[in-house]
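The structure under discussion appears below in the form of structure tokens.
The values are calculated or read from the model by the stated rules, or taken from the named source; none is laboratory data. Since the structure is predicted, the reported quantities are computational estimates derived from the model, not experimental observations. As a convention, Cβ positions derive from the backbone with ideal geometry for all residues, glycine included, and neighbour counts pool all protein chains shown. Just the protein is used for accessible areas: all its heavy atoms, side chains included, with ligands, DNA and RNA removed. Shrake-Rupley method; radii C 1.70, N 1.55, O 1.52, S 1.80 Å.
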Amino acid sequence: MTDPLTDIVSFLQLSARFSKVVEGAGAWRVRRQGDGDPFYCAVLEGTCFLSVDGYAPVTLQAGDFVLVPAVHGLVNGSVGAPDDLLSQPVEIGKGRFRVGFQEGPTDQLICIGHCSFGSPDAALLVPLLPRVLLVRREPRLVALVEMLGEEARAQRPGRDVILERLLEVLLIEALRGAVDTVDAPGLMRGMMDERLSPALRVMHAQPENSWTIAELATKTALSRAAFFARFNRTVGMPPMEYLLIWRMALAKRLLRDQQLGLALIAERVGYSSASTFSVAFVRHVGMTPARFAHAMHA
């Protein structure tokens, strides 16, 4: 059956916009501003700290991986660095920077980068993910982090494509590995809930079905009221709102592909006719399906 996590990651279209390797020596502290795009940090050697959007800092060690689906501000530095210290990374080679002491042995080696989500649904789908994904020394993830660092340091043909694919796999592995640290409502908590996960899976696997609260509740062995309350509390939105978001994300992909007519697309995403689908699409997206398809290929 369809895996909702894989679906969401695939639909987000994660791409590596910028990646660099940072060497740290002595005391250093870097503050960065973000515009809501994804940010990742993989510690290859040593220990450092990371604070995201004003939250309490976490200490990271070699083999740890952090991905923030939407970052607006972060502070990264050596453990114990003074709060008023502000370091400026110095470029020492293509894709390589150094912070702290500019001479002598290094204490940390970190691969960091900024990504982009190519999906026009990113603003709707990203909130379904945890605010911060932190995975510590998971063997599979450590191997991927090492590959990421090696690829980021090298200047081989196809580097950007490899980085994009590695990032997508890293995101899926991070989602798998971070299940014990997720406490905010969202897709991860819904998938972790043994009662709710069957309902999420059938919504993704069969979006063409005319699902009702009652039918979805039967998948969870809960009453309609209990299912609705539990889904809303755990995922962070009502079941029908989640289903609408997923259907519209799927519809947008089908419209971009331009391989099916409007009536077939409507059927694929659970609408009885092209007209009822068009009304729902306009209400959700703000433009007609035809106009959206044209804009995607303009």
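For residues that are surrounded by fewer than 20 Cβ atoms within 10 Å (Cβ to Cβ) and closer than 18 Å to M191 by Cβ, scanning just the stretch 238-265, find the one that is modelled with the lowest pLDDT.
Selected residue: I245.
Return a yes/no flag: does the stretch 206-215 have any residue that is part of a helix (DSSP H, G or I), closer than 30 Å to R131 by Cα, in contact with a helix residue (DSSP H, G or I) (Cβ under 9 Å, 6 or more places away or on another chain) and in contact (Cβ under 8 Å) with a residue 12 or more places away in the chain. Steps first, please.
Here is the first cut: in the stretch 206-215, the ones part of a helix (DSSP H, G or I) are 213-215.
With closer than 30 Å to R131 by Cα added as a condition, the list becomes 213.
Keeping just the survivors that are in contact with a helix residue (DSSP H, G or I) (Cβ under 9 Å, 6 or more places away or on another chain) gives 213.
Subset that is in contact (Cβ under 8 Å) with a residue 12 or more places away in the chain: 213.
Looking through the stretch 206-215, at least one residue is part of a helix (DSSP H, G or I), closer than 30 Å to R131 by Cα, in contact with a helix residue (DSSP H, G or I) (Cβ under 9 Å, 6 or more places away or on another chain) and in contact (Cβ under 8 Å) with a residue 12 or more places away in the chain.
Does the stretch 106-126 include one or more residues that are buried (at least 19 other Cβ atoms within 10 Å of the Cβ), of a type in the set (S, T, Y) and within 17 Å of the chain's Cα centre (by Cα)?
Among the residues of the stretch 106-126, at least one is buried (at least 19 other Cβ atoms within 10 Å of the Cβ), of a type in the set (S, T, Y) and within 17 Å of the chain's Cα centre (by Cα), which makes the answer yes.
For residues in the stretch 175-190 being open to solvent by less than 10 Å² (accessible area, probe 1.4 Å) and at pLDDT below 75, which is farthest from P239 (Cα to Cα)?
Here the answer is A178.
Residue check: is L216 surrounded by 21 or more Cβ atoms within 10 Å (Cβ to Cβ) and within 20 Å of F39 (Cβ to Cβ)? Don't jump to the end; show me each part of the working.
Working: surrounded by 21 or more Cβ atoms within 10 Å (Cβ to Cβ): yes; within 20 Å of F39 (Cβ to Cβ): no.
In short, no.
Kindly indicate whether R156 is open to solvent by 10 Å² or more (accessible area, probe 1.4 Å), closer than 27 Å to S19 by Cα and modelled with pLDDT under 80.
Details: open to solvent by 10 Å² or more (accessible area, probe 1.4 Å): yes; closer than 27 Å to S19 by Cα: yes; modelled with pLDDT under 80: no.
Criteria not met by R156.
If you go through the stretch 81-98 one residue at a time, do you hit one that is assigned to a strand (DSSP E or B), open to solvent by less than 10 Å² (accessible area, probe 1.4 Å) and β-branched (V, I, T)?
Pass one, the stretch 81-98, residues assigned to a strand (DSSP E or B): 90-93, 96-98.
Filter once more, so that each one left must be open to solvent by less than 10 Å² (accessible area, probe 1.4 Å): none.
Checked against the condition, which is being assigned to a strand (DSSP E or B), open to solvent by less than 10 Å² (accessible area, probe 1.4 Å) and β-branched (V, I, T), the stretch 81-98 yields no hits at all.
Check V66 against each of (1) of a type in the set (V, I, T); (2) open to solvent by 10 Å² or more (accessible area, probe 1.4 Å); (3) under 30 Å from P198 (Cα atoms) and name the one condition it does not meet.
Status for V66: all satisfied but (2).
Taking the stretch 219-237 as the search range and keeping residues that are among the aliphatic types (A, V, I, L, M) and more than 20 Å from the chain's Cα centre (by Cα), which one is surrounded by the most Cβ atoms within 10 Å (Cβ to Cβ)? Please lay out each step first, then the result.
So the first thing to find is which residues in the stretch 219-237 are among the aliphatic types (A, V, I, L, M), and the list is 221-222, 225-226, 229, 235, 237.
Remaining after also requiring more than 20 Å from the chain's Cα centre (by Cα): 221-222, 225-226, 229.
Working: A221: 11, L222: 18, A225: 10, A226: 13, A229: 13.
By that ranking, first place goes to L222.
For V161, indicate whether it is part of a helix (DSSP H, G or I), at pLDDT 75 or above, over 30 Å from C41 (Cβ atoms) and of a type in the set (A, V, I, L, M). Walk me through it before giving the result.
Numbers: part of a helix (DSSP H, G or I): yes; at pLDDT 75 or above: yes; over 30 Å from C41 (Cβ atoms): no; of a type in the set (A, V, I, L, M): yes.
Criteria not met by V161.
Does any residue of the stretch 191-201 turn out to be at pLDDT below 90 and in a helix (DSSP H, G or I)?
Yes, some residue in the stretch 191-201 is at pLDDT below 90 and in a helix (DSSP H, G or I).
Given (1) among the acidic types (D, E); (2) in a loop (DSSP other than H, G, I, E, B); (3) at pLDDT 85 or above, identify the lone condition not met by D37.
Every listed condition holds for D37 apart from (3).
In the stretch 255-293, how many are assigned to a helix (DSSP H, G or I), farther than 19 Å from A122 by Cα and touching a Pro at 6+ places or on another chain (Cβ under 9 Å)?
Count: 7.
Can you find a residue that is in contact with a Cys (Cβ under 7 Å, 6 or more places away or on another chain) and open to solvent by less than 40 Å² (accessible area, probe 1.4 Å) anywhere in the stretch 1-11?
Checked against the condition, which is being in contact with a Cys (Cβ under 7 Å, 6 or more places away or on another chain) and open to solvent by less than 40 Å² (accessible area, probe 1.4 Å), the stretch 1-11 yields no hits at all.
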